[in-house]
Amino acid sequence: MTSLRHPAPQAAPSGASPLARWLTGPRFAGMPVLSEDLAPPLLSFEFFPPRTEALEQQLWACIRRLEPLAPHFVSVTYGAGGSTQARTHATVARIVKETTLTPAAHLTCVGASRGEVDDVARQYWDAGIRHIVALRGDMPGGVAYEPHPQGYAYATDLVAGLRKIADFEISVAAYPEIHPTATSPLADLDNLKRKLDAGATRAITNYFFDNATFLRFLDLALAAGITAPIVPGIMPVSNYTQMVKFSQVSGVKVPPWLGRFFEGVEEDMETRRMIAAHVAAEQVRTLQANGIDEFHFYTLNRPDLTYAIAHILGVRPKTEG
Ligand SMILES: Cc1cc2nc3c(=O)[nH]c(=O)nc-3n(C[C@H](O)[C@H](O)[C@H](O)COP(=O)(O)OP(=O)(O)OC[C@H]3O[C@@H](n4cnc5c(N)ncnc54)[C@H](O)[C@@H]3O)c2cc1C
């Protein structure tokens, strides 16, 4: 495979943080093409723990298909409630045992005391998991969030608690379009900074479709003194209707142009998947043209779109030469 390198940042001060490097690096100047001067980006992939045997097989087919791409890490989400939490643990533990991948286990504050959450974190550590995505989480059934009386109230508290347990690498969530319950954009950015100051080393964003919103968010984050990488979360969308419903809850704006792309192909899955690949590839390439060199893919346990987009980005199976 051709060796690819990222263009040297033009004005980045030496020793600059990743965020400063992205923002002082090349700005949009046409789509990047595979060349000697462009390094493939770092990728991470997110999975959810399966509920049934059939879904378990789908997840593992997905993991096996994406494994040769040697992602930076793969993460597994965490639900509210005992059985889904056990599935997260089982999945990350199996990833450690049976694959070459580095797993990150999601962990939330919802519905558990500090002691219970700490126990889960210790079990992760004992199973060889060294990276946690620390989240507040949401209440089941869409009810307004209430901290557990003996629990970690917010993600910041969880990050601080995890720091005391073991030397975990910790990632946290960020919201380019603002968390739905944040009182203001500034309060939300302050919250992100507190999570990073408490010991997280990376933020992963909720998915978004408007790159300008994300890039403005990076500018604001840097102005707020954040230096850790803020990795864009990319959602390749093939089920448009489902995504619109989900976006309403999570405060993600769905631009009208995206709706027009999917008009009239509701019953035509193959065309929808082609459109999805095009939309996501264009999104990541535009971000790459703006200096972003890390991406987190919400795979929904389906590998093909992520695999195709990774390929376009120059990320190829390790075995290929
Ligand atoms: C990358 C990513 C992965 C995710 N994975 C999961 C998962 O595996 N399982 C899951 O259930 N959910 C997951 N979520 C969803 C997440 O749990 C929800 O978005 C949740 O509503 C917020 O979690 P948080 O960690 O961002 O919360 P926090 O950072 O704690 O913030 C939540 C809200 O509370 C506000 N806030 C923070 N501190 C205070 C305070 N002291 N007083 C008052 N308000 C405050 C913030 O401004 C914000 O509006 C994920 C989200 C992302 C982006």
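Computed packing ranks the peptides 85-96, 169-180 as 169-180, 85-96, most packed first, by mean other Cβ atoms within 10 Å. Amide H contacts for residue 294 (H built 1.01 Å from N in the peptide plane; partners 5 or more residues away or on another chain; cut-off under 5 Å): 42.
Extension gain residue 150-residue 167, at 0.36 nm per residue separation less the Cα-Cα distance, in nm?
On the way: separation 17, 0.36 × 17 = 6.12 nm, distance 2.35 nm.
Gain on extension, residue 150 to residue 167, equals 3.8 nm.
In terms of its Cα atoms, the range 104-156 spans 34, 20, 19 Å along the principal axes, sorted from long to short. The mean sequence separation of alpha-carbon pairs under 8 Å and at least six residues apart, normalised by the residue count of the range 190-315, gives a relative contact order of 29 percent. Annotation: lysines with alpha-carbon distance below 24 angstrom to residue 193 (same-chain offsets under eight excluded): 164, 253. Separation of the range 219-287 and the range 166-218, taken as the distance between their Cα centroids, equals 18 angstrom.
Tell me, in nm to one decimal, what length is gained between residue 289 and residue 113 on full extension, where the rule is 0.36 nm per residue of separation less the Cα-Cα distance? Walk me through the numbers before you get to the answer.
Details: separation 176, 0.36 × 176 = 63.36 nm, distance 4.46 nm.
Gain on stretching residue 289 to residue 113: 58.9 nm.
Given a 1.4 Å probe, how much area per residue of the chain is accessible, in Å²? Don't skip to the answer; put the middle values down first.
Numbers: 15030 Å² over 321 residues.
With the other protein chains kept in place, the chain gives 47 Å² per residue.
Working from label points 7 Å from Cα in the Cα-to-Cβ sense, the residue 244 to residue 86 distance is 3.9 nm. Taking amide hydrogens as placed 1.01 Å from N in the peptide plane, the amide H of residue 208 sits under 5 Å from those of 235, each at least 5 positions away in sequence or on another chain.
Couplings for the range 157-171, taken from phi via the Karplus curve 6.51 cos²θ - 1.76 cosθ + 1.60 with θ = phi - 60°, read 5, 5, 4, 4, x, 5, 4, 7, 7, 6, 7, 6, 7, 10, 10 Hz in order; Gly and Pro are left as x.
The phi-based Karplus calculation (6.51 cos²θ - 1.76 cosθ + 1.60; θ = phi - 60°) puts the 3J(HN,Hα) values of the range 232-242 at x, x, 10, 10, x, 9, 10, 9, 4, 4, 5 Hz, whole numbers, x for Gly and Pro. Taken over the chain, the percentage of Cα pairs per 20 Å bin, counting from 0 up to the bin with the maximum distance, is 31, 62, 7. With contributions of -39500 (n - 2.57) from each DSSP H run of at least four residues, the per-residue ellipticity at 222 nm computed over the chain stands at -13500 deg cm²/dmol. Each Cα pair of the range 66-192 feeds into the Kirkwood radius, which the Stokes-Einstein equation turns, at 4 °C and 1.567 mPa s, into a diffusion coefficient of 85 µm²/s.
Tell me, what % of the accessible area of the range 53-131 is carbon and sulfur with a 1.4 angstrom probe?
Values: 1720 of 3390 Å².
About 51 percent, which is the carbon plus sulfur part of the accessible surface.
Using 0.36 nm times the number of residues separating residue 278 and residue 216, minus their current alpha carbon distance, what extension gain do you get? Before the final figure, lay out each step's value.
Working: separation 62, 0.36 × 62 = 22.32 nm, distance 2.36 nm.
Gain on stretching residue 278 to residue 216: 20.0 nm.
Rounded to the nearest 0.05, what FRET efficiency is calculated for residue 182 and residue 70 with R0 set to 30 Å and r the Cβ-Cβ distance?
Working: r = 36 Å, r/R0 = 1.19.
Given R0 = 30 Å and the Cβ-Cβ separation, E is 0.25.
Given a 1.4 Å probe and the protein chains as shown, residue 245 ends up with an accessible area of around 140 Å².
Across the range 181-186, rounded Karplus estimates of 3J(HN,Hα) from the backbone phi angles (6.51 cos²θ - 1.76 cosθ + 1.60, θ = phi - 60°) give 9, 5, 6, 6, x, 5 Hz, Gly and Pro being marked x.
Along the Cα-to-C-beta direction of residue 253, a point sits 7 Å from the Cα; which residues of the range 182-219 have their amide N less than 13 Å from that point? Within reach of a label on residue 253, which here means backbone N under 13 Å from a point 7 Å along Cα→Cβ, the range 182-219 contributes 208-217. Each Lys or Arg adds one and each Asp or Glu subtracts one; over the other residues with Cβ under 10 Å from the Cβ of residue 157, this totals +4. Using the Cα gyration tensor of the range 175-321, with a ≥ b ≥ c the square roots of its eigenvalues, what is the shape: rounded (a/c below 1.5), prolate (a/b larger than b/c) or oblate (neither)? Oblate.
The values are calculated or read from the model by the stated rules, or taken from the named source; none is laboratory data. Quick caveat: nothing in here was measured; it's all calculated off a predicted structure. Because the Cβ atoms are built from the backbone with ideal geometry, glycine has one as well, and the counts that use them run over all protein chains shown. What goes into the accessible areas is simple: the full protein's heavy atoms, side chains included, and nothing from ligands, DNA or RNA. Shrake-Rupley method; radii C 1.70, N 1.55, O 1.52, S 1.80 Å.
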